[in-house]
Amino acid sequence: MTARALGTAVLAVGWLVGPAVLRAAETTADAGQAKTQKEREEYYELYKVLADTLDQVERNYVEDVDRRELFEAAIKGILEELDPYSNYISPEELSRFKTSVEQEFGGIGIQVGPDRDGGLRVTSPLYGTPAYRAGIMAGDRIIEIEGESTEGLSLDDAVRKMKGEAGTKVTFKVIHPDGKPAEYTIEREIIHVQSVLGASRKEDDTWNFMLDNDKKIGYLRLTAFSRDTAKELRDAVKQLQENGMKGLVLDLRFNPGGLLNSAIEVADMFVAEGKIVSTRGKNTPERTWEAEKAGTIDGFPIAVLVNHFSASASEIVAACLQDHNVAVVIGERTWGKGSVQNVVDLEEGKSALKLTTASYWRPSGKNIHRGPKDDESVEWGVKPNEGYEVKFSNDETFALMEHWRERDIIRTRSEPMTTAPQADASEQPAAKAGEGETKEEPAKETAKPFEDRQLQKALDYLSNEMAKAE
């Protein structure tokens, strides 16, 4: 631990706990049955150092200090010495953390980002949400929320103002891309963020999961592993099968992971029997999850796309399908995040501690986690199958992200809105909304389409496999 982190830890913990630290030291030492008397005495002395330091700071430090800030800095300083995935989640950050895991929140259902002029702009409404139904469109510039100007308002503060309990209302003003102002009062609902996306949007803005109608190749992109991911995925696969799907692309690129149970459910969907994943930890017994035959979906080849930013739950699924020869993995070696974090409530649920307690292991018994000193020669992560590695340059990686961003945006409306004014479909923003451009922007028409070499490799593989089956 750095001197600064150690100093902060000593000050903060001692300050907040005070004399109770010594009692905690005795309790902690007694709880460790395997500890020797010498180790218990060392525990007591170390905690006493914290209490003594507190006493000096409280009586003699030149300025008043915020106890809360010191305490949180202490926790962060300690956790920084462990690994990148052990974190303290403050009360201010807890709501956002839960949203990222559960993919649900109370709000109106829009994605917002900074405007190039320093304001706030709607990136896209989320399908089926109150904002979508009201006619909020990509490119709308938000100028006022609850009577307060958004000028100088941070993105986090804007999101905080828009979110709220379901059933409550929020009023805000926007400037449409055509320059016309509009005011909306929208009732908040529980917003569910889709984690299973398709190849393109249909006219009604729902996802089209069939990538190649002639060859009947489906395409499903998983953005995260949330509570409802497995159900969304099963529904999408069922829809594809009803339309005669013969091959499937499962795209896990840029998927950072999520819930362990969600990854297990997704892997179990395609694996009939055998080990899915196991976990091992210092203070937790080894645990193994096995696939169940009931509900298995099979009968077609699967290509799994991964890149360097596929991590955690994504790696569990890719490794499981690869080890059981259910799918071919295509793309780039994954991130190598094979550690398990438990979320422990602090302050009766007001804050939380995300602590690494175990590591993931593939069905083959190979390691997933990449240690801080591990290089490319060490076994970690998930590598593409032999002959299926397709590396992207940095430019290609950014181009893929931009391609997806443009594809995900909802720009048109299939049915007339009755709850709020809207711009005509021909006036919806193009890639650079708000600068006076229209859909006929020349640069957009002449732009070279993104060539996804990784996806093309997957399509070639599936086409060959389907040809063999005929």
Checklist entry - Before we move on, is residue 372 modelled with pLDDT under 60 and either surrounded by 19 or more Cβ atoms within 10 Å (Cβ to Cβ) or under 24 Å from the mean Cα position of the chain (by Cα) (or both)? => result no
Checklist entry - Looking only at the stretch 165-193, which residues are assigned to a loop (DSSP other than H, G, I, E, B), under 29 Å from the mean Cα position of the chain (by Cα) and on the phi < 0 side of the Ramachandran plot? => result 165, 166, 168, 188, 193
Checklist entry - So which of 303, 318 ends up being of a type outside the set (Asp, Glu) and part of a helix (DSSP H, G or I)? => result 318
Next on the checklist: Which numbered condition in (1) under 30 Å from residue 372 (Cα atoms); (2) not polar (S, T, N, Q); (3) not in a strand (DSSP E or B) is the only one that residue 88 fails?
Outcome noted: (3)
Checklist entry - Is it true that residue 184 is closer than 30 Å to residue 145 by Cα and among the aromatic types (Phe, Trp, Tyr)? => result yes
Checklist entry - Looking at the stretch 165-207, which of its residues are among the aromatic types (Phe, Trp, Tyr) and assigned by TED's automatic domain parsing to the domain that holds residue 313? => result 207
Next on the checklist: Looking at the stretch 226-246, can you tell me whether even one residue there is assigned to a strand (DSSP E or B) and touching a strand residue (DSSP E or B) at 6+ places or on another chain (Cβ under 8 Å)?
Outcome noted: no
Checklist entry - Identify, please: which residue in the stretch 123-137 is surrounded by fewer than 23 Cβ atoms within 10 Å (Cβ to Cβ) and of a type in the set (Val, Ile, Thr) and is, among those, nearest to the chain's Cα centre (by Cα)? => result 123
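Residue-by-condition table, conditions (1) over 17 Å from the mean Cα position of the chain (by Cα); (2) modelled with pLDDT under 85; (3) basic (Lys, Arg):
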| position | (1), (2), (3) |
| --- | --- |
| 72 | yes, yes, no |
| 82 | yes, no, no |
| 87 | no, no, no |
| 97 | no, yes, no |
| 101 | no, yes, no |
| 105 | no, yes, no |
Checklist entry - Restricting the search to the stretch 113-145, which residues are part of a strand (DSSP E or B) and within 18 Å of residue 169 (Cα to Cα)? => result 125, 142, 143, 144, 145
Checklist entry - residue 215 fails exactly one of the following numbered conditions: (1) part of a loop (DSSP other than H, G, I, E, B); (2) touching a residue at least 60 places away in the same chain (Cβ under 8 Å); (3) within 22 Å of the chain's Cα centre (by Cα). What is the number of that condition? => result (3)
Checklist entry - Among the residues of the stretch 251-288, which ones are outside any helix (DSSP H, G or I), surrounded by 18 or more Cβ atoms within 10 Å (Cβ to Cβ) and not basic (Lys, Arg)? => result 251, 252, 254, 255, 257, 258, 259, 271, 276, 277, 279
Next on the checklist: Step by step: first the residues of the stretch 315-348, then only those that are in contact (Cβ under 8 Å) with a residue 40 or more places away in the chain and on the phi > 0 side of the Ramachandran plot, then the one that is surrounded by the most Cβ atoms within 10 Å (Cβ to Cβ). Which residue is that?
Outcome noted: 331
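The values are calculated or read from the model by the stated rules, or taken from the named source; none is laboratory data. Remember, predicted model here, so these are calculated numbers, not experimental data. Counting neighbours? That spans all protein chains shown, and the Cβs are built from the backbone with ideal geometry, glycine included.
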